[in-house]
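Every number here is computed from the coordinates shown, using simple stated rules; none is lab data. All figures in this text were calculated on a predicted structure; none of them were measured in a lab. Every residue, glycine as well, gets a Cβ built from its backbone with ideal geometry; the counts of neighbours run over all protein chains shown.
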Amino acid sequence: MAPITNEQELQKTEFRWAMIVTGAVTVLFAVIGISSFVMALHPPSHVESIDPATVSQSKEFAESNLGTSVDPDGAVTVRIIATQFAFVPRCIPVPQGKPVTIRVTSPDVIHGFLIAGTNANTMVVPGYVAEVRTVFGTAGDHLMPCHEFCGLGHSEMWALVRVVPQAQWQTDADGKARCDISR
Ligand code: CUA
């Protein structure tokens, strides 16, 4: 190619490159925007801190308060502690087709969780409460593995989310729901 000497030619080339870059950026933003709305993907934006040293003594994450609870107004909240190397509780029942808020924290190191087949996916950082809101469409068991390397037992760290059809959904007098991993 002959060297470009003409000032106007040079400007045209620069303009062309600017258009290509603008086009690429537009495509990237469109992909992010469309996937956010259509697939309900959103970056975690919830910042809530907690003292990792006293998590189990806190009111919310005391052992008796962990698991699935239904408030008198019908709101479903799941509270989980992610610790080396288990999720507590290990079996998590949730009602099908209802909004569920999942709140997780860690007393030790960084863990992560995702619920297979759903958009629930976040890191669990000590000192913070991770919160995920989702609706479970189909009934059945979903695997919930830890997806952040947290030590030698990382690969053994998982829980089960059991999506229960509304007709079979039951809570006890305190509004707690439980399930058993062996069944
Ligand atoms: Cu917890 Cu990996």
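Computed from backbone phi with θ = phi - 60° and the Karplus coefficients 6.51, -1.76 and 1.60, the 3J(HN,Hα) list for segment 53-68 is 6, 10, 3, 6, 8, 6, 5, 5, 9, 5, 3, 5, 9, 6, x, 9 Hz; x is used for glycine and proline.
Of all DSSP beta bridges confined to segment 52-177, the antiparallel ones make up roughly 70%. Over the chain, DSSP H runs of length four or greater, each weighted -39,500 (n - 2.57), average out per residue to a 222 nm ellipticity of -6500 deg cm²/dmol.
A simple charge model with +1 on the Cβ of Lys and Arg, -1 on the Cβ of Asp and Glu and nothing else charged puts the dipole of segment 52-177 at about 160 debye relative to its Cα centre.
Considering only 146, 96, 38, and ranking their Cα positions along the charge dipole of the chain that arises from unit charges at the beta-carbon of Lys, Arg, Asp and Glu, the one farthest toward the positive end is 96. For the chain, the longest principal axis of the Cα atoms and the long axis of helix 7-38 meet at an angle of about 20 degrees.
Overall, the ratio between the Cα radius of gyration of the chain and 2.2 N^0.38 Å, rounded to two decimals, is 1.45. Within the chain, the cysteines lacking any other cysteine Cβ closer than 4.7 Å to their own Cβ are 146, 150.
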